[in-house]
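*Asks:* Handing you a structure now.
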Amino acid sequence: MTRAAFNFMLTTPDNVRLVPEYGGGCLWDVGVYPVSFAQYIMGGPPEWVFGSQRLGETGVDVFFAGQMGYGDGRIAQISSSFSSPFYTMAEILGTEGSLLVTRPFINLDKGRVIYTPAGGQPEEIPIPDEYLYLGEVEDMHDAILNGQPNYLTLAESRNHVKTVLTLHESARTRQTIHLT
C-alpha cells in the first residue's frame, strides 16, 4: 500500500488555481504529485480508481481524496487540498515494514525518511539536501540539447493524465471506474 498527500491553505480568493476555465483545482495543481508517486511505486497506472472531492465557491476541487487499485490487491491512497494546513507525506507500507518521507515534493531541508521494520523501531535514513527541482531542469536540458530521452516517458505522462481525468470523473459520478 502507498499513501501520499500534498495539502496547503490557499488564502487568496482570486488565485489562478481557483479558475475553472484554466483547469484549476487542487488535484491538477498538487494532487498530481501523490498520483505520480503512487504510479512510480506501483509500477504503472491503476486498474481502478475512486475519487471524492469538495468543490469550492468557484466550482473547482479544493479538497480531493482518491483510492487507486492495482494488481494483487495493492492499493494507493492520495489526497490534495487547498483548504488544509500545509502537510506533505509519502509512505510505502509492506509486509516487512514501512518507509515514510515526511516532506516529499518540496525541498527536503526539513524532510526526513524513516524506515520502520515490522516489529522493530523506526530509524532515520540520511538523505542529501539538494534542490528538488534541479533534476527536472537537468532532464529537460539533456533532452533538448543532448537528445537524451526524458526520465518520464510519454506513455507514463499519458497514464498520469488519464488517471487524474478518471479520478475527477469518479468524483463527479461517485462511482468506481475501471481503467483496464
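*Asks:* Please identify the GluC sites (Glu not before Pro) of the stretch 109-180 that satisfy two criteria: DSSP loop assignment and at most 12 other Cβ atoms within 10 Å. Which are they? Walk me through the numbers before you get to the answer.
*Replies:* On the way: sites: Glu123, Glu124, Glu130, Glu136, Glu138, Glu156, Glu169; in loops: Glu130.
In loop regions of the stretch 109-180 (DSSP not H, G, I, E or B), the sparsely surrounded GluC sites (Glu not before Pro) are Glu130.
*Asks:* Quick one: Cα centre-to-centre distance for the stretch 75-121 and the stretch 1-33, in angstrom?
*Replies:* 19 Å
*Asks:* What list do you get for Asp142, Asp14, Asp61, Asp72 if you sort them by fewest beta carbons within 10 Å?
*Replies:* Working: Asp142 14, Asp14 7, Asp61 26, Asp72 4.
Ascending number of Cβ neighbours within 10 Å: Asp72, Asp14, Asp142, Asp61.
*Asks:* Now a separate question. Report, in order of residue number, the helices in the chain meeting two criteria: a C-alpha extent of 20 Å or more along the helix axis, and a mean Kyte-Doolittle hydropathy of at least -1.0; treat each whole DSSP H run as one helix.
*Replies:* Working: long enough: 154-173 (28 Å, -0.51).
Those that pass (Cα extent of 20 Å or more, hydropathy at least -1.0) are 154-173.
*Asks:* Please report, in debye to the nearest 20, how large the charge dipole of the chain is about its Cα centre when each Lys and Arg carries +1 at its beta carbon and each Asp and Glu carries -1 there. Kindly include the intermediate steps, with their values, before the conclusion.
*Replies:* On the way: 11 positive and 20 negative charges, 130 e Å.
Magnitude of the dipole: close to 620 debye.
*Asks:* Spelling out what I want: for every residue of the stretch 5-22, take phi, set θ = phi - 60°, compute 6.51 cos²θ - 1.76 cosθ + 1.60 (Karplus), and round to whole Hz; glycine and proline get x.
*Replies:* Working through the residues one at a time gives 9, 9, 10, 7, 8, 9, 9, 9, x, 9, 5, 4, 5, 9, 8, x, 5, 9 Hz.
*Asks:* Out of residues 5 or more away from Leu179 or on other chains, whose amide H comes under 5 Å of its own, with H placed 1.01 Å from N in the peptide plane?
*Replies:* Trp48, Val49
*Asks:* Right, another one. Using the 10 angstrom Cβ neighbour count as an exposure proxy, how do Leu152, Leu145, Leu18 rank, fewest first? Could you put the intermediate results ahead of the total?
*Replies:* Working: Leu152 14, Leu145 8, Leu18 21.
Lowest count first: Leu145, Leu152, Leu18.
*Asks:* Here's another thing I want to ask about it. Which is the longest part of the chain that has none of the chymotrypsin sites (Phe, Trp or Tyr not before Pro) sitting in a DSSP loop with at most 12 other Cβ atoms within 10 Å?
*Replies:* On the way: sites that count: Tyr131, Tyr133.
Value returned for the longest uninterrupted segment is 1-130.
*Asks:* Suppose a student asked you for the relative contact order of the stretch 91-180, using Cα pairs under 8 Å spaced at least 6 residues apart; what percent would you report?
*Replies:* 15 percent
*Asks:* Let me ask something else about it. Nearest 500 deg cm²/dmol is fine: what mean residue ellipticity at 222 nm does the chain get from its DSSP H runs of n ≥ 4 alone, each adding -39,500 (n - 2.57), divided by its residue count? Display every interim value, and only then the final one.
*Replies:* Numbers: 3 runs with 44 residues, N = 180.
So the helix-based figure for the chain works out to -8000 deg cm²/dmol.
*Asks:* Mind checking which of Ile114, Gln77, Ala90 is farthest towards the positive end of the stretch 47-146's charge dipole, using Cβ charges of +1 (Lys, Arg) and -1 (Asp, Glu) about the Cα centre?
*Replies:* With unit charges placed on the Cβ atoms, the residue in question is Gln77.
*Asks:* Loop-only check: which GluC sites (Glu not before Pro) in the stretch 1-82 are DSSP coil with at most 16 other Cβ within 10 angstrom?
*Replies:* Counting only loop positions with at most 16 other Cβ atoms within 10 Å, the GluC sites (Glu not before Pro) in the stretch 1-82 are Glu47, Glu57.
All of the numbers you see were taken from the coordinates with simple rules; none came from a lab. What you see is a predicted model, and the numbers here were worked out from it, not measured in a lab. Cβ atoms come from the backbone with ideal geometry, glycine included; neighbour counts cover every protein chain shown.
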